[in-house]
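Enquirer: Please read through the structure below; I'll follow up with questions.
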Amino acid sequence: MPSVVCVGAQWGDEGKGKVVDLIAERAAVVARFQGGNNAGHTLVVDGIQTVLHLVPSGILRSTSVCAIGNGVVVDPDVLLQEIETLETRGVLRGPDALKVSATAHVILPTHKRLDRAREAARGDKAIGTTKRGIGPAYEDKAGRRGVRVGEYVDAGRVAEKLRAHVMRANSELEVLGEEPFSGQELEEMIARARAHGAQLLPYVADVGALVADAIDADQTVLFEGAQGAHLDVDHGTYPYVTSSNCVAAAAAIGTGVGPSAIHRVIAVAKAYLTRVGEGPMPTELHDPTGDRLREKGGEFGATTGRPRRCGWLDLVALKHAVRLHGAQDLAITKLDVLAGFDALRVCVAYDIDGERVERMPWDTAALARATPIYKEFAGFGEIGAPQSLDDLPDAARAYLDFIVAETGCRLALVSVGPARGEEMWLADPLAPV
Ligand code: IMP
């Protein structure tokens, strides 16, 4: 059976959680490979809404084992809270159903305080981070001074690691004019880590081996991405990005298998565009149409509650994301939100300094000067519960057909509502090609 990566093709919040939940029905393992609890997936099953930040969205399927790969940064407070909530609701069947890589890095209280302090210090150049400590945790990983889950759960090693961290963080916090950690806070942090360690230990595993064994046994592994291509630290709108690689290729590195383990890539895009945080977004609408998209689409962050910036679909950015991901399949979500608009627009090129540009520039400053060049489409009315593309209004069909043809992907899924069943499968990403 093929293994599939499901990734975001915009700036995050594309509705990957729902797509993962649907594919997970047939996956033996669902593995997250990057990001942390900056992500937020809202899932609606049997009318009950579940918001997950760290645990893979596949957890709502009793048949899959969920894994948090080495590429993820793990906040133990958040993970234990999600485990408790999922256990109380009878969704999580004990540690056999959820595994955390021993080599994933831990988000410490120092990282969260530093994230807040650095954002405040950036003033009007702030990135608009989720303030969850993601960037500082990845910095410590790259700086070879991070704490890995396997060390965190080791009561004998964690105290020394935390002391060193607090010393380093305090010197930076003082420079930034922020409250350093007191001796008492440090001791509390150590005690808390030891309590966490005992709770987390049953979940800690060699995720690479788990994923590789599943692939060797010809089972389906679903790699679940977080954020989106344009938030990728290498390929996104730097510096207005997250601190991890969000592109599909990161699935291999972030779980501990080679690239040949990935057979298919399904990229998820909303039928329009949203972004949270700072950074350029050429098609952003600062007008009643943008407000209407936000209201109709419920575009408020699942993690921070921030109103999302809304605008028309940016096909230049989407085509770039498809290339970065190497996506063969496309899932379009929230098509229903576009119903009722008189006319729709899709950005097909940018005007940058008087020149028509059809590729996303590498330079974020140039992208910030881009004016979208639009192609107009007729609007369409409510689309109900279509079972096939033929059930869609002609104008909705024309809109989709154009996007699909331009991206060169196969249209695998169209989602028209948040709940399971409010979608049309048009191609099966798990079928051998
Ligand atoms: P960080 O990941 O908290 O460092 O935030 C960096 C940027 O990525 C900010 O613009 C965030 O709003 C954005 N971001 C991080 N995670 C997500 C996500 O899951 N969805 C959308 N935007 C995100």
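The values are calculated or read from the model by the stated rules, or taken from the named source; none is laboratory data. Values in this document were obtained by computation on a predicted structure and should not be read as measured data. Every residue, glycine as well, gets a Cβ built from its backbone with ideal geometry; the counts of neighbours run over all protein chains shown. Quick note on the areas: whole protein, heavy atoms, side chains included, nothing else; ligands and nucleic acids left out. Shrake-Rupley method; radii C 1.70, N 1.55, O 1.52, S 1.80 Å.
Enquirer: Once you charge only the Cβ atoms, +1 for Lys and Arg and -1 for Asp and Glu, what is the size of the charge dipole of the stretch 187-290 about its Cα centre, to the nearest 20 debye?
Expert: Details: 5 positive and 12 negative charges, 25 e Å.
Value, rounded to 20: 120 debye.
Enquirer: How large is the convex hull of the C-alpha atoms of the stretch 220-292 per residue, in Å³?
Expert: Here the figure is 109 Å³ per residue.
Enquirer: Over the stretch 10-97, with a single point scatterer placed on each C-alpha, what log10 of the ratio I(q)/I(0) does the Debye formula yield at q = 0.14, 0.22 1/Å?
Expert: These q points yield log10 I(q)/I(0) values of -0.43, -1.18.
Enquirer: Skip the ligands, DNA and RNA, and give the accessible area per residue of the stretch 253-293 with a 1.4 Å probe, whole Å².
Expert: That works out to 35 Å² for each residue.
Enquirer: Above 14 Å lies some portion of the pair distances; for the stretch 125-212, what is it as a whole percent of all C-alpha pairs?
Expert: Value for the stretch 125-212: 73 percent of Cα pairs lie more than 14 Å apart.
Enquirer: Could you give the DSSP H helices of the chain that reach 30 angstrom or more along their long axis (alpha carbon positions) and whose average Kyte-Doolittle hydropathy is no lower than 0.5?
Expert: Helices passing the filter in the chain: none found.
Enquirer: Then there is this: For the stretch 58-146, would you read off the P(r) tail past 18 Å as a percentage of all alpha carbon pairs?
Expert: Across the stretch 58-146, Cα pairs with separations above 18 Å total 53 percent.
Enquirer: Shifting gears a bit: Between residue 398 and residue 353, how many nm apart are label points set 7 Å from Cα along the C-beta direction?
Expert: Taking the simple label geometry, residue 398 and residue 353 are separated by 3.7 nm.
Enquirer: Also, quick follow-up: If a paramagnetic tag sat 7 Å from the Cα of residue 171 along the Cα-Cβ line, which residues of the stretch 148-165 would have the backbone N under 17 Å from that point?
Expert: Flagged as within label range: 161-165.
Enquirer: If I take all pairs of Cα atoms in the stretch 94-250, what percentage of them are more than 23 Å from each other?
Expert: 47
Enquirer: Something else now. Using only Cα atoms, locate the centre of the stretch 384-421 and the centre of the stretch 258-327, then give the distance between them in Å, rounded to an integer.
Expert: 17
Enquirer: Another question about this same structure. Hey, got the dipole for the stretch 20-80? About the Cα centre, +1 on K and R Cβ, -1 on D and E Cβ, debye to the nearest 20? Working shown, then result.
Expert: Working: 3 positive and 5 negative charges, 37 e Å.
Using Cβ point charges on Lys, Arg, Asp and Glu, the stretch 20-80 gives about 180 debye.
Enquirer: Can you give me the % of accessible surface on the stretch 116-209 that is carbon or sulfur? Probe 1.4 Å, all protein chains present, nothing else counted.
Expert: Taking all protein chains in place, the stretch 116-209 shows 51 percent carbon and sulfur surface.
Enquirer: What distance in nm separates the simple spin-label points at residue 373 and residue 342, each placed 7 Å from Cα in the Cβ direction?
Expert: Once both label points are built, they end up 2.6 nm from each other.
Enquirer: Quick one: which residues, 5 or more positions from residue 423 or on another chain, have an amide H under 5 Å from its amide H? H modelled 1.01 Å from N in the peptide plane, none for Pro or chain starts.
Expert: Close amide H contacts, sequence-distant or interchain: 416.
Enquirer: Farthest toward the dipole's positive end in the chain, which of 146, 57, 421, given Cβ charges of +1 (Lys, Arg) and -1 (Asp, Glu) about the Cα centre?
Expert: Farthest along the dipole direction, towards plus: 146.
Enquirer: Given the convex hull over the Cα atoms of the stretch 284-418, what projected area results after averaging over all orientations, in nm²? Present the calculation step by step, with values, prior to reporting the outcome.
Expert: Numbers: hull surface 36.1 nm².
For the stretch 284-418, averaging the hull's shadow over all directions gives 9.0 nm².
Enquirer: Take the Cβ-Cβ distance between residue 46 and residue 217 as r, set R0 to 45 Å, and report the resulting FRET efficiency rounded to the nearest 0.05.
Expert: 0.90
Enquirer: HN-Hα J couplings of the stretch 255-268 from phi, Karplus 6.51/-1.76/1.60, θ = phi - 60°, integer Hz, Gly and Pro as x?
Expert: 10, x, 10, x, x, 5, 6, 9, 9, 9, 10, 10, 9, 10
Enquirer: In Å, what Kirkwood hydrodynamic radius results for the stretch 343-433 from the alpha-carbon pair distances?
Expert: Across the stretch 343-433, the inverse of the average 1/r is 15.6 Å.
Enquirer: Can you list the trypsin sites (Lys or Arg not before Pro) in the stretch 66-174 that are in a DSSP coil and have 14 or fewer other beta carbons within 10 angstrom?
Expert: Those satisfying the criteria are 89, 93, 144, 145.
Enquirer: Now for a separate question. Looking only at Cα atoms, what is the convex hull volume of the stretch 1-153 per residue, in Å³?
Expert: Output value, Cα hull per residue: 132 Å³.
Enquirer: Using just the helices of the chain, give the 222 nm mean residue ellipticity in deg cm²/dmol: DSSP H runs with n ≥ 4 each add -39,500 (n - 2.57), and the total is spread over all residues, rounded to 500.
Expert: -10000 deg cm²/dmol
Enquirer: Express in nm, to one decimal, how much length is gained between residue 25 and residue 198 on full extension, taking 0.36 nm for each residue of separation and deducting their alpha carbon distance.
Expert: Length gained, residue 25 through residue 198: 59.2 nm.
Enquirer: If you count the DSSP beta bridges with both ends in the stretch 252-397, what percent of them are antiparallel, to the nearest 5?
Expert: Within the stretch 252-397, antiparallel bridges account for around 70 percent of the total.
Enquirer: Projecting each Cα onto the charge dipole of the chain (Lys/Arg +1, Asp/Glu -1 at the beta carbon, about the Cα centre), which of 186, 332, 6 comes out farthest on the positive side?
Expert: Most positive-ward Cα: 186.
Enquirer: Could you tell me the calculated FRET efficiency between residue 405 and residue 425, based on Cβ-Cβ distance and R0 = 30 angstrom, to the nearest 0.05? Intermediate results must be reported in sequence, preceding the final value.
Expert: Numbers: r = 20 Å, r/R0 = 0.66.
Working from the Cβ atoms, E equals 0.95.
Enquirer: Taking every DSSP beta bridge that has both residues in the chain, what percent is antiparallel when rounded to the nearest 5?
Expert: 40
Enquirer: Moving on. Would you kindly state how much longer the chain becomes between residue 80 and residue 163 on full extension, computed as 0.36 nm times their sequence separation minus their alpha carbon distance, in nm to one decimal?
Expert: Result for the pair: 27.6 nm of gain on full extension.
Enquirer: Can I ask one more? Could you calculate the FRET efficiency of residue 391 with residue 253 from 1/(1 + (r/R0)^6), where r is the beta carbon distance between them and R0 is 25 Å, rounded to 0.05?
Expert: Calculated value: 0.05.
Enquirer: What length, rounded to one decimal in nm, is gained on full extension from residue 304 through to residue 63, with 0.36 nm per residue of separation minus their alpha-carbon distance?
Expert: 83.7 nm
Enquirer: What percent of all Cα-Cα pairs in the chain falls into each 20 Å bin, going from 0 up to the bin containing the maximum distance?
Expert: For the chain, the binned pair fractions read 27, 56, 16, 0 percent.
Enquirer: Still on this model: Taking the Cα centre of the chain as origin, work out the dipole magnitude from +1 charges on Lys and Arg Cβ and -1 charges on Asp and Glu Cβ, in debye rounded to 20.
Expert: It works out to roughly 660 debye.
Enquirer: Provide, for q = 0.11, 0.25 Å⁻¹, the log10 of I(q)/I(0) from a solvent-free Debye sum over equal Cα point scatterers in the stretch 299-376.
Expert: After summing over all Cα pairs, the log10 values are -0.38, -1.23.
Enquirer: Tell me, how many Å apart are the Cα centres for the stretch 33-109 and for the stretch 179-221?
Expert: Cα centroid of the stretch 33-109 versus Cα centroid of the stretch 179-221: 12 Å apart.
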